[in-house]
Amino acid sequence: MKIALAQLNPLIGDISGNAQQILEIAEIATNAEVRLLLTPELSLCGYPPRDLLLNPSFISLMGENLENLAQQLPPNLAVLVGTVTPNKNFKIKGEKPLFNSIAFLDQGKVQQVFHKSLLPTYDVFDENRYFESGKIPNVLELDYDSTKVKIGITICEDIWNDEQFWGHRNYVLNPLDELAKLNLDFLINLSASPYTVGKQKVREAMLNHAVKRYQKAIIYVNQVGGNDDLIFDGNSVAFNKSGKLICRGQSFKTNLSIVNYHHHKQDIFPTQETLISPKAHLIYELPETKEEEIWSALVLGVRDYVKKCGFSQVILGLSGGIDSALVATIAAEALGSENVLGVLMPSPYSSEHSVKDAQKLVENLGINSEIIPIENPMKAYDQILKPLFEKTEFGIAEENIQSRIRGNILMAIANKFGYLLLSTGNKSEMAVGYCTLYGDMNGGLAVIADLPKTQVFALCHWLNRQKEVISQNILIKPPSAELKPNQVDQDSLPPYDQLDDILYLMINQHQSPQELIEKGYSAEIINKITKLLFRAEFKRRQAPPGLKITDRAFSTGWRMPIASKW
């Protein structure tokens, strides 16, 4: 029996469009004589739908499209579709109104519906806000060749609670334990599991452990694509019951793979069929380096965010610095050089080499560019504010005016020509507030907001491994905002390698200032960074969404108070 793993890239809320995507992939699977097609968690509405789920008409539309999809599918193809279904006991028992479900479509009908048991409520997840937990093990009995194949169905989080693998449980129930008590042929997990750096290796280790523990083959299908701040990496896999990897979908790409189930052996086996392109593989290799992985994720995140938000072109400010250079390079790769406009806005404090470095980048990438000096607007602000500022010294206020002039220019061009403005700040700057609200923080998407400055440098060096994309001068000069004469970032901040180390321990490892001081860090530096980190929260709350690539990003999973003291 042939089983197809469909890595789909749904658009959240586009129920009819997502259904059509499933139909199209179903036709390809049917032509390959597939019996069972697997799609990701919530493949009909896209993940995460968030408060769209509070709209009753949204739920009704999903039900209608599910019924229509069942009728339109090829008659000999069974499909598992991720959807949302109403909880009929909602008003009687006071439970949540919906289930996160998998619908089994076969022979023109919705034959069975399975519900997710474990509902994550941490980091970016808030499923307990909407969904009720499934209460019984999910078992699909599929007719094939005069036999019934019994398959255990799990949904995403349901497989992430193995105390033997993690050393503890996050939930009382482990759905795999319950399924293991039944006489099943193999297990399926349908997921919308967001990407973070290195996560696939953890997934595969966890799945391999589950196979060996329960002596059952496992097929895992994951969503792919960018949805708001989240990136989904695909990497769907299948393990036979010996724990051998027999199939892996492509990272960060839509993909369709096929495996074979042999009923008399109760195991799954690889096939050599290629479905999407002549170059399709049975086992795609994972990215070779951390930098390649991050690059692929950010390119996909930018491409999908721009297109799914209805834009086709982007604009950004080019300072001649490393951050804007990296964002421009990502944008050119994601959207095509012809769809990227870089705007150079030199001030009297801009160095000659910064302008030349930015122009060299434009030439290397082949993107469009404009030069708009800001000296005259600066003079205008000086005159406007002279009655108030004339007896004060030049300082932060005047520096920030320059950034806000640039932000206004970029927003004006974006509004005039329908561009999406990309913000270029990195995670180190966002953490300590080394950015200007309504200035360089302007934008519709913060591309590298989850990339520390040291990782920005590492990624740029990786980009230059074969040819110079980002000029050497950009890589070696001290980072500077160039808002006053001879300014460099290290005038105000510790060296970035030290800053990023401390920020990682504070943000990702949740270590307290006292713990860091006891480890030997300077008390003066730790206290300064702690103060900066907490004082910048009001800025982060007003920042554009930033693509998430780590397990602790300044995105929807970051829920710090603004007015606080710790």
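Details
- Residues whose placed amide H lies under 5 Å from that of Cys247, excluding near-sequence neighbours: Ala238
- Contact order normalised by residue count of the stretch 365-482, Cα under 8 Å, 6+ apart, percent: 20 percent
- In straight-distance terms, cross-link reach from Lys135 covers every one of the aspartates and glutamates whose alpha-carbon lies under 13 Å from its own, apart from those fewer than eight places away in the same chain; here that gives Glu95, Asp158, Glu178.
- Distance between the C-alpha centres of the stretch 156-209 and the stretch 125-147: 14 Å, rounded to the whole angstrom.
- Helix-derived mean residue ellipticity, 222 nm - over the chain, DSSP H n ≥ 4, -39500 (n - 2.57), to 500: -11000 deg cm²/dmol
- Each of Lys356 and Asn170 was given a label point 7 Å from its Cα along the Cα-to-Cβ line. The distance between the two points is 5.2 nm.
- The aspartates and glutamates whose alpha-carbon is closer than 12 Å to the alpha-carbon of Lys360, local same-chain residues fewer than 8 away aside, are Glu468.
- Rounded to two decimals, the Cα radius of gyration of the stretch 494-535 over 2.2 N^0.38 Å is 1.00.
- Under a 5 Å amide H cut-off, with hydrogens placed 1.01 Å from N, Ile372 pairs with Leu344, Met345 among residues at least 5 apart or on other chains.
- Gain on full extension, evaluated as 0.36 nm per residue between Gln111 and Ser60 minus their Cα-Cα distance, stands at 16.5 nm.
- At most 15 other Cβ within 10 Å, DSSP loop - trypsin sites (Lys or Arg not before Pro), the stretch 348-396: Lys391
- Distance in nm between pseudo-label sites at Gln383 and Glu518 (7 Å out along the Cβ direction from Cα): 6.1 nm
- Centre-to-centre separation between the Cα atoms of the stretch 1-39 and those of the stretch 496-566: 42 Å.
- 3J(HN,Hα) from dihedral phi, the stretch 36-41, Karplus parametrisation 6.51/-1.76/1.60, rounded to Hz, x for glycine, proline: 10, 10, 10, 10, x, 3
- Taking all Cα-Cα distances within the chain, those exceeding 35 Å account for 43%.
- Value of relative contact order over the chain, rounded to a whole percent, pairs C-alpha under 8 Å and six or more apart: 11 percent
- The C-alpha atoms of the stretch 2-285 occupy a region whose extents along the principal axes are 48, 45, 40 Å, arranged from largest to smallest.
- For chymotrypsin sites (Phe, Trp or Tyr not before Pro), the sites in the stretch 88-189 that DSSP calls loop and that have at most 14 other Cβ atoms within 10 Å are Tyr122.
- Qualifying GluC sites (Glu not before Pro) in the stretch 257-362, where qualification requires a DSSP coil assignment and no more than 11 other C-beta atoms within 10 Å, comprise Glu285, Glu288.
- Of Lys308/Lys565; Lys386/Lys427; Lys2/Lys253; Lys308/Lys539, pairs whose Cα-Cα distance is over 30 Å: Lys308/Lys565; Lys386/Lys427
- Using θ = phi - 60° and Karplus 6.51 cos²θ - 1.76 cosθ + 1.60, couplings along the stretch 238-245 (whole Hz; Gly, Pro as x): 9, 10, 6, 6, 8, x, 8, 6
- Proximal lysines to Lys379, defined as alpha-carbon separation beneath 16 angstrom and excluding residues fewer than eight positions away on the same chain: Lys484
- Environment charge of Gly13, counting only residues whose C-beta is closer than 15 Å and scoring Lys/Arg +1, Asp/Glu -1: -2
- Local net charge near Ile102, Cβ-Cβ under 14 Å (Lys/Arg +1, Asp/Glu -1): -3
- Distant-in-sequence amide contacts of Val447, defined by a placed amide H-H separation under 5 Å and a gap of 5 or more residues or a different chain, comprise Ser423.
- One compactness figure for the stretch 192-275 is 1.14, namely its Cα radius of gyration divided by 2.2 N^0.38 Å.
- Binned Cα-Cα distances of the stretch 190-339, short to long, each 10 Å bin given as a whole percent: 11, 33, 31, 16, 7, 2, 0
- Neighbourhood charge, 10 Å Cβ-Cβ cut-off, centred on Glu157 and excluding it, Lys, Arg +1 and Asp, Glu -1: -2
- 3J(HN,Hα) from dihedral phi, the stretch 403-415, Karplus parametrisation 6.51/-1.76/1.60, rounded to Hz, x for glycine, proline: 5, 6, 4, 4, x, 5, 4, 5, 5, 5, 5, 4, 5
Since every read-out is calculated from the coordinates, none of them should be taken as a lab result. This one's a predicted model, so the numbers in the text were calculated from it and none came from an experiment. All Cβ positions, glycine included, derive from the backbone under ideal geometry; neighbour counts span all protein chains shown.
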